[in-house]
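Worksheet: one structure, shown below.
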Amino acid sequence: MKKFLPLFAFTLLLVLTSCTSNLKDDISDLQSQLDEFKSLTLFPAIKVTNEYSYDANTPIKDVVTLYYSSKHYQYIEDNEDGTYEIYIYNFDNPAWYDEAELEFTYNSNTGEATLNNYYGDYINDYGDRVRFNDSYYNAVTDTQELVINSINLETGKISLVFTLTYSATSNSNVAIYGTAGTLKIEYDGTLPMRSAYPTN
């Protein structure tokens, strides 16, 4: 019996070591999730308004307001050449349900804004899933307009409206049961400023 005691003790040590290692990994994962959750906050809202209709007698207007975001997903990045990369991304709650995103380049020398990407996915109050994405198709029947009402590149304060007018064709950038309509993204708030080339 005695000769088995060292083997038993060694086996027990291996089990305890493995459990301790797994526990440390679990704690590390939980800490990472907690850090991510702490980084989420109530930012100025993105307001998405979508007006469409199934037919001439059934007009629909839905408004979705998305509050949550993080400094990792919302900011103005200074390229240090007079241009700025602007990222705005909000979602409905910390579970990442319902979301909208807008990315564009702003040229402070000319005042022009060049749209780089837009995206959204949410369920409206009518039970329709509204999805929009500039990468769905090169939709020649869709028209888009990005208007910068005001921007302060010292404070990060910005006000804008993005309007997407879409067709009922199958290659529209808005997927909502083949309907036609107008979708607007509105934002009025202050974004964190950061440099594209931070110093060490």
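FYI, it's all coordinate maths here, none of it is from the lab. What you see is a predicted model; the values in this text were computed from it and never measured. Here Cβ is always computed from backbone atoms with ideal geometry, including for glycine, and neighbour counts include all displayed protein chains.
On full extension, the segment bounded by ASN152 and LYS184 gains 9.3 nm, given 0.36 nm per residue less the C-alpha separation. Taking label positions 7 Å along the Cα-Cβ direction at both THR65 and ASP81, the computed distance is 4.0 nm, reported to one decimal. Rounded to the nearest whole Hz, the Karplus-based 3J(HN,Hα) values (6.51 cos²θ - 1.76 cosθ + 1.60, θ = phi - 60°) of the range 66-75 follow the sequence 10, 9, 7, 6, 8, 4, 6, 10, 9, 5, with x at glycine and proline. Can you tell me how the range 47-113 classifies by the Cα gyration tensor, rounded, prolate or oblate, using a/c under 1.5 as the rounded cut? Oblate is the answer for the range 47-113, as a/c is 1.5 or above yet b/c matches or exceeds a/b.
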